[in-house]
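Read-outs: derived from the displayed coordinates by stated rules, not from any lab. Only a predicted model underlies this, so the values are computations on that prediction, with no experimental measurement involved. Here the Cβ positions follow ideal geometry from the backbone for every residue, glycine too, while neighbour counts run over all protein chains shown.
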Amino acid sequence: MKKQTQAIHVPYRRRDAYDALSMPVYNAVAYEFDNAQLMADAFCCRIDAPDYSRVENPTVTNFEERVKVLTGANSVTALNSGMAAISNTMLALTSQGKNVVTSKHLFGNTFDLLNNTLKRFGVETRLCDLTNMNEVETSIDENTACIFLEIITNPQMEVADLTALATIAHAHKIPLVADTTTIPFTQFSSHNLGVDIEVVSSTKYVSGGATSLGGVVIDYGTAKGFSNRMKNEMLFNFGAYMTPQVAYMQTIGLETLNARYRVQSSNALELAKKMQTLQGVKKVNYVGLKENPYHKLAQQQFGETAGAMVCIDLESQKACFNFIDNLKLIHRATNLFDNRTLAIHPASTIFGLFSDIEKANMDVLDTTIRLSIGLEDVEDLFEDIKQSIERS
Ligand SMILES: *Cc1c(COP(=O)(O)O)cnc(C)c1O
């Protein structure tokens, strides 16, 4: 059977008392045991049975197992947000005196986590150009814990060569960790390209249209002891496990992920092409466009589709604000891969609290609008963009 079929039919670990077809929400904190020995075995991980929902819950386990089937991973850990997935992964991999080699092009909170929060605990972050392999190579030393990157950076839309980065990481015996939020793991195998640990904000494509916050850490079993630490240290001590209600919603989201993604990515490509014809749009930044500098590499790595995030550049910040204010259908909101199309001005929002110099260093421009393309009809979306550009 193909992975998609298997994932929809992942069996429960135990038969449900009522044979419910969808995984029930086990809204329980604790689980009873028949005797003291079984209880001791469960608590000491000698048998696989849930004992407390901070670290294991049947509804969440079922969600994790579906992600495992879809990715072929060794182990999957579900957390309560994308940031929890990223921060717990970093806390599992690093310690005082270690460093992380990464890009200056990062999601705003990830940038802050690495450059401010982890710094307070003695972990250094080395920002480099991940498309320049010499720079990556010279940034690594014996204290480097991992290379961390985002597969399509936001909003710069930079794509790094995963195979080349994996070669460097593995030569230094460190894991390559990738935030793959921008292209669903059902579309490409990051592990085949050399990624050891994948982190995903499941709030985005997986949740099924912005139903809930979540994050997944997908471990391909190549980083020694990592999953053990995630399951037996991070979940216990930081308490950021996914909740059963969220796992239920995100399981349903997983079932429709491919269908939604096909429409959203094809809408994004069609709109990107159409927006190139609009006067007032200085640039359309989308790796699905043939003329994009990362088009070929993106195609090699991710396949024919390029996701549903499209950036456009207008004349000025004023033009961007006017554009956002004049939209009638497209929503003024953050988030990615909602069923609705969303527009945001990253420089004044997601990156709004960074200084002008910091923004310039991150290549976050005040002329950029980020669009997340939804499931609407493309004609309607284009009409809205067109009227808004004309009035701006
Ligand atoms: C949204 C996002 C995150 C953070 O995820 P949350 O679920 O909001 O915590 C991290 N990385 C990328 C690339 C994102 O788009």
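In debye, nearest 20: dipole of segment 29-142 around its Cα centre with unit charges on the Cβ of K, R (+) and D, E (-)?
340 debye
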Worksheet entry | Listed pairs K2/K231; K3/K273; K173/K231; K204/K318; K282/K318 exceeding 25 Å between Cα atoms | K2/K231; K3/K273; K204/K318
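When D313, D338, D141 are ordered from fewest to most other Cβ atoms inside 10 Å of their Cβ, what list results? Write down the numbers at each step before the final one.
Values: D313 16, D338 23, D141 10.
Lowest count first: D141, D313, D338.
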Practice prompt. Using a/c under 1.5 as the rounded threshold, could you call segment 3-251 rounded, prolate or oblate? The axes a ≥ b ≥ c are square roots of the C-alpha gyration tensor eigenvalues, and prolate needs a/b larger than b/c, oblate otherwise.
Written response: prolate
Worksheet entry | Length-normalised contact order for segment 261-391 - Cα pairs under 8 Å, 6+ apart - percent | 30 percent
Discussion item. Restricting to DSSP H runs of at least four residues, report the calculated mean residue ellipticity at 222 nm for the chain, -39500 (n - 2.57) per run over all residues, nearest 500 deg cm²/dmol.
Written reply: -10500 deg cm²/dmol
